[in-house]
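Heads up: the structure comes next, in structure tokens.
The values are calculated or read from the model by the stated rules, or taken from the named source; none is laboratory data. Here the structure is a predicted model, which is why all the values come from computation and not from measurement. Because the Cβ atoms are built from the backbone with ideal geometry, glycine has one as well, and the counts that use them run over all protein chains shown.
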Amino acid sequence: MKEILEKQRAFFNSNQTKDLNFRIEQLQRLKTLLLSNQNRLNEAIYADFGKSPFETFTNEFGLVYLDIDEACSKLKKWAKWKRVRTNWVNFPAKSYIIPEPLGVSLVIGAWNYPYQLALAPVVAAIAAGNTVILKPSELPSNTSKTMAELINNFFDSAFFHVVEGGIDDTTALLEERFDKIFFTGSPNVGRIVYQAAAKHLTPVTLELGGKSPAIFTEGANLKMGIKRLIWAKFLNSGQTCIAPDYVLLPKSLKAEFLRLAKEEIDAASYSPENGNYIRIINDRNVQRLARLLDQNKVYSGGKIDEENRIIEPTLIQDVTFDDAIMQEEIFGPLLPVLTYDSIDEAIREIKKREKPLSCYLFTNDSVLKNKLLNELSFGGGAVNESLMHISNSRLPFGGVGNSGMGSYHGEAGFRAFSHYKSILEKSTWFETKLKYSPYSEGKLKWIKRLMGMK
């Protein structure tokens with residue numbers, strides 16, 4: 001590992017990655033590699049999750065390809081030196097900002113979308129001009145192994161290399177000095193990454209999680225809202241960091257919501273055979289979800305097939321914030337439904353807890369919409385939609401507080417892996433005497449005038 005790090009640092013210091021054409025070429029090579037091995041990559045993720053080729057493209061590679069295409073087309077604009085105004089104190093001079101790559105970067109991917117959450121940050125790192133070491137999650141072992149074999153056989157390890165392994169290997173990696181660490185995973189592990197990075201003062205982006213609420217108000221388009229919500233919740237069998245974790249709605253809407261939600265689940269016919277439902281990642285997570293599920297409160301679903309790691313899409317009623325299922329992020333196909341008497345009550349309950357990664361508002365009331373958006377802090381979200389904000393690269397994606405720090409996607413990803421160097425360039429044909437001694441009241445008055453002070 002130390003040898004690869006030394007090679008990457010030497011390669012970065014050779015300035016080859018600062019060439020924009022080199023970066024574009026590497027991004028295009030990555031896209032070619034993925035496209036030419038699509039069948040093999042599909043087989044690997046099917047072996048881990050039972051994920052269909054349709055969902056593998058739409059939820060994994062489609063977003064990565066869009067990221068690559070956008071970076072290739074906009075990179076020269078993103079990397080351009082930007083002129084800014086110079087103040088009178090520095091006359092005559094010009095000022096500008098230079099984006100520069102940070103150096104050797106470490107990307108630690110997550111298991112729930114093992115291709116997209118590993119490769120999207122890599123695209124941003126390459127676009128910004130960094131070298132990359134990628135550590136995919138070891139839980140989906142087939143996808144990890146396939147990415148490592150393909151990438152390590154196709155790219156020079158001095159530029160881009162995949163390291164496989166478990167917790168001990170990741171811990172060893174974090175002992176090394178990187179110029180940037182990008183981590184996607186749980187808040188608990190995020191704290192460990194942050195502490196390790198602090199030893200070297202390494203900048204980090206942490207994409208974490210949390211209990212993301214879906215809030216319905218009176219007068220919302222319930223049928224359309226439920227359609228979008230149910231799709232978002234049970235996509236990837238609920239194993240999505242920005243999935244709606246629970247529903248908050250007025251008591252008056254509870255019965256109709258549950259009825260319509262069950263109808264929508266039934267209409268979707270979720271099953272591995274239909275290609276729209278996947279397995280839970282491992283036995284441990286199946287058992288964890290089973291412990292969270294109070295069968296006495298199940299409205300629909302609730303069946304657990306431990307042998308095949310399948311849990312039915314499940315609606316849970318009569319839930320309170322004190323229930324076990326509300327004490328941690330669910331990360332599975334269980335949807336608790338909670339009610340409120342007033343919107344202020346709902347806001348208070350959300351504010352009592354850690355800031356969520358996402359929040360989804362279902363309302364046609366602009367006053368309530370503005371109130372919720374202004375009073376609740378969360379990473380990002382949507383109004384009358386769920387999950388789809390992630391598909392707009394112009395919207396920086398990231399958390400706040402316990403749900404993460406920093407953001408990426410599109411230009412935000414380029415910024416995450418860049419340092420913006422500020423430069424003042426002074427002309428030599430003139431120099432004021434104001435800042436030099438001997439000091440005087442007259443000079444001080446002129447300095448205050450130039451600063452706009454009386």
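Overview of values
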{"quantity": "Unique residue being assigned by TED's automatic domain parsing to the domain that holds Ser271, in a helix (DSSP H, G or I) and either touching a residue at least 40 places away in the same chain (Cβ under 8 Å) or buried (at least 16 other Cβ atoms within 10 Å of the Cβ) (or both) when the list is Ala220, Ala232, Ala197", "calculated": "Ala232"}
{"quantity": "Residue under evaluation Val204, criteria (1) under 26 Å from the mean Cα position of the chain (by Cα); (2) outside the structural domain of Asn130 (by TED's automatic domain parsing); (3) crowded, with 18+ Cβ neighbours inside 10 Å, criterion not met", "calculated": "(2)"}
{"quantity": "Matching residues, segment 387-446, being among the basic types (Lys, Arg) and surrounded by fewer than 18 Cβ atoms within 10 Å (Cβ to Cβ)", "calculated": "Arg394, Lys421, Lys426, Lys433, Lys435, Lys443, Lys445"}
{"quantity": "From the options Leu376, Leu434, Leu387, residue that is over 30 Å from Leu119 (Cβ atoms) and within 21 Å of the chain's Cα centre (by Cα)", "calculated": "Leu376"}
{"quantity": "Strands (runs of 3 or more DSSP E) fully within segment 95-186 counting 2 or more residues that are in contact with a Leu (Cβ under 7 Å, 6 or more places away or on another chain), modelled with pLDDT of 95 or more and surrounded by 24 or more Cβ atoms within 10 Å (Cβ to Cβ)", "calculated": "104-108, 180-184"}
{"quantity": "Odd one out for Thr240, checked against (1) in contact (Cβ under 8 Å) with a residue 40 or more places away in the chain; (2) assigned to a loop (DSSP other than H, G, I, E, B); (3) more than 16 Å from the chain's Cα centre (by Cα)", "calculated": "(3)"}
{"quantity": "Evaluation of Thr17 against (1) buried (at least 20 other Cβ atoms within 10 Å of the Cβ); (2) more than 20 Å from the chain's Cα centre (by Cα); (3) farther than 28 Å from Glu176 by Cβ (one fails), failing number", "calculated": "(3)"}
{"quantity": "Total residues in segment 60-69, condition surrounded by fewer than 20 Cβ atoms within 10 Å (Cβ to Cβ) and not hydrophobic (A, V, I, L, M, F, W, C)", "calculated": "3"}
{"quantity": "In segment 70-94, residue farthest from Thr17 (Cα to Cα) [restricted to those that are surrounded by fewer than 18 Cβ atoms within 10 Å (Cβ to Cβ) and among the aromatic types (Phe, Trp, Tyr)]", "calculated": "Trp88"}
{"quantity": "Residue within segment 335-349 that is in a helix (DSSP H, G or I), surrounded by 15 or more Cβ atoms within 10 Å (Cβ to Cβ) and either free of Cβ contacts under 8 Å to residues at least 40 places away in the same chain or on the phi > 0 side of the Ramachandran plot (or both) present", "calculated": "yes"}
{"quantity": "Meets criteria (crowded, with 23+ Cβ neighbours inside 10 Å, hydrophobic (A, V, I, L, M, F, W, C), more than 28 Å from Phe414 (Cβ to Cβ) and under 19 Å from the mean Cα position of the chain (by Cα)) for Ala214", "calculated": "yes"}
{"quantity": "Pick from segment 43-59, criterion buried (at least 21 other Cβ atoms within 10 Å of the Cβ) and aliphatic (A, V, I, L, M), ranking: nearest to Asn392 (Cα to Cα)", "calculated": "Ile45"}
{"quantity": "Of all residues making up segment 243-272, the number that are of a type outside the set (Phe, Trp, Tyr) and assigned to a loop (DSSP other than H, G, I, E, B)", "calculated": "5"}
{"quantity": "Flag for Ile390 being in a helix (DSSP H, G or I) and touching a residue at least 24 places away in the same chain (Cβ under 8 Å)", "calculated": "yes"}
{"quantity": "Pro356 vs. criteria over 29 Å from Asn374 (Cα atoms), surrounded by 22 or more Cβ atoms within 10 Å (Cβ to Cβ) and at pLDDT 95 or above", "calculated": "no"}
{"quantity": "Count of segment 313-334 residues which are free of Cβ contacts under 8 Å to residues at least 40 places away in the same chain and more than 24 Å from the chain's Cα centre (by Cα)", "calculated": "8"}
{"quantity": "Flag for Thr240 being of a type in the set (Val, Ile, Thr) and within 30 Å of Ala124 (Cβ to Cβ)", "calculated": "yes"}
{"quantity": "Filter result for Leu372 (on the phi > 0 side of the Ramachandran plot and aliphatic (A, V, I, L, M))", "calculated": "no"}
{"quantity": "Residues that are polar (S, T, N, Q) and free of Cβ contacts under 8 Å to residues at least 40 places away in the same chain, drawn from segment 268-299", "calculated": "Ser269, Ser271, Asn274, Gln287, Gln295, Asn296"}
{"quantity": "Helices (runs of 4 or more DSSP H) enclosed by segment 24-82 - at least 2 residues per element that are under 13 Å from Leu119 (Cα atoms) and either out of contact with any strand residue (DSSP E or B) (no Cβ under 8 Å at 6 or more places or on another chain) or without any contact (Cβ under 8 Å) to a residue 12 or more places away in the chain (or both)", "calculated": "62-78"}
